[in-house]
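Inspection log for the structure reproduced underneath, given as structure tokens.
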Amino acid sequence: MDLITKITAPNPGVFTGGGTNTYLIGKDDITLVDPGPNISEHLNEIIKAGDGKIKRIFVTHTHKDHSPAALPLSKTLNVPMYGRLVDGESSWEDETFIPDIVLNDKDIIETDEYTLEVIHTPGHASNHLCFLIKDTKCLLTGDHIMDGSTVVIGPPDGNMKSYINSLEKLLDFDIDCFAPGHGNYIHEPEKTIQSIIRHRLTREGKALRKLGEAGISSLDELTKLVYDDVSELLHPIAKYSLEAHLLKLIDEKKVKLDKDLFEIV
């Protein structure tokens, strides 16, 4: 991990865990990844750690805990912002972020110290990107994969089918570890990916089973049934991902929706 410096923002919470992880890649030619929330204490720590050597700012996606610090840092350091915008509407967006350079799948950024490969991983957000440090085989995962909890998939920008496809896509890459947007480094990448996919599909199977038992159900009613193993305090969050599962099942013609009520086809 000699190439990576991690700084965790002081924004702990239900969605962010211990806080958003900001990463500085390199020593003399630094790429700053996910500058996080616009909190002066956090910005000052990033600037101090960068020591005048930050050359560019990368953003995995534009949710409000990951990118708001990009614009003020870009102005202060006079460096460009890299990333992409969402495909449609999202209530979770940081509208201050407009990339100077749009990143696309398979883009390669080379420096004298390291090489980064861009991997487009839609699902949590349509514009979500992961960044593979090819020299160390470490993948910066943003919110595609988090340590300690599952990722919320919130429609309409969040898409469960895209999310699972993006997880499977990562199995084709040579990766030794994950540097997630929240939590600690993860050192069993393939096992982690398989576990997440299995968990999601198990939850989806439970949704189908509970919906079949109920006959017909609203999203709120079904959330209580499908997440009966999760604290009710977390049901408002779980409801996002359940809706994403149901929209996937509707697309697969396994479920139908009529006047806010779901039923098996």
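The table that follows gives values for the structure above.
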{"quantity": "Selection within the range 13-26 - under 15 Å from residue 51 (Cβ atoms) and in a loop (DSSP other than H, G, I, E, B)", "calculated": "26"}
{"quantity": "Candidate set from the range 70-96 (those that are part of a loop (DSSP other than H, G, I, E, B) and within 19 Å of residue 141 (Cβ to Cβ)); member that is modelled with the highest pLDDT", "calculated": "84"}
{"quantity": "Given (1) closer than 23 Å to residue 54 by Cα; (2) touching a Cys at 6+ places or on another chain (Cβ under 9 Å); (3) in a loop (DSSP other than H, G, I, E, B), index of the condition residue 182 fails", "calculated": "(2)"}
{"quantity": "For residue 55: the one exception among (1) within 26 Å of residue 147 (Cβ to Cβ); (2) among the charged types (D, E, K, R); (3) in contact with a strand residue (DSSP E or B) (Cβ under 9 Å, 6 or more places away or on another chain)", "calculated": "(1)"}
{"quantity": "Scan of the range 108-134 for residues that are over 16 Å from residue 175 (Cα atoms), not in a strand (DSSP E or B) and not acidic (Asp, Glu), ordered by number", "calculated": "111, 122, 123, 124, 125, 126, 127, 128"}
{"quantity": "Filtered residues of the range 177-189 (kept if surrounded by 12 or more Cβ atoms within 10 Å (Cβ to Cβ) and not polar (S, T, N, Q))", "calculated": "177, 178, 179, 180, 181, 182, 183, 185, 186, 188, 189"}
{"quantity": "Selection from the range 231-245 of residues that are surrounded by 13 or more Cβ atoms within 10 Å (Cβ to Cβ) and either of a type in the set (Gly, Ala, Ser) or touching a helix residue (DSSP H, G or I) at 6+ places or on another chain (Cβ under 7 Å) (or both)", "calculated": "235, 238, 239, 241, 242, 243, 244, 245"}
{"quantity": "Restricting the range 1-12 to residues that are in a loop (DSSP other than H, G, I, E, B) and modelled with pLDDT of 90 or more, the residue that is farthest from the chain's Cα centre (by Cα)", "calculated": "3"}
{"quantity": "Qualifying residue in the range 97-119 (condition: farther than 17 Å from residue 34 by Cα, under 18 Å from the mean Cα position of the chain (by Cα) and crowded, with 20+ Cβ neighbours inside 10 Å)", "calculated": "no"}
{"quantity": "All positions within the range 129-150 that are buried (at least 24 other Cβ atoms within 10 Å of the Cβ) and within 18 Å of residue 243 (Cβ to Cβ)", "calculated": "143"}
{"quantity": "Test: residue in the range 206-223 that is surrounded by 15 or more Cβ atoms within 10 Å (Cβ to Cβ) and within 20 Å of residue 166 (Cα to Cα)", "calculated": "no"}
{"quantity": "Residue 193 under 27 Å from residue 13 (Cβ atoms) and touching a strand residue (DSSP E or B) at 6+ places or on another chain (Cβ under 6 Å)", "calculated": "no"}
{"quantity": "Some residue of the range 24-44 being free of Cβ contacts under 8 Å to residues at least 12 places away in the same chain, in the same structural domain as residue 176 (by TED's automatic domain parsing) and among the charged types (D, E, K, R)", "calculated": "no"}
{"quantity": "Top-ranked residue of the range 13-37 - restricted to ones that are surrounded by fewer than 21 Cβ atoms within 10 Å (Cβ to Cβ) and at pLDDT below 95, ranked as nearest to residue 241 (Cα to Cα)", "calculated": "15"}
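To keep it simple, each residue is scored yes or no on (1) under 23 Å from residue 6 (Cβ atoms); (2) out of contact with any strand residue (DSSP E or B) (no Cβ under 7 Å at 6 or more places or on another chain); (3) not assigned by TED's automatic domain parsing to the domain that holds residue 36.
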site: 103; (1), (2), (3): yes, no, no
site: 109; (1), (2), (3): yes, no, no
site: 112; (1), (2), (3): yes, yes, no
site: 128; (1), (2), (3): yes, no, no
site: 150; (1), (2), (3): yes, yes, no
site: 162; (1), (2), (3): no, yes, no
site: 165; (1), (2), (3): no, yes, no
site: 173; (1), (2), (3): yes, no, no
site: 176; (1), (2), (3): yes, no, no
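The values are calculated or read from the model by the stated rules, or taken from the named source; none is laboratory data. Since the model is a prediction, treat every value here as computed from it, not as a measurement. Cβ sites come from the backbone with ideal geometry, for glycine too, and all protein chains shown count toward neighbours.
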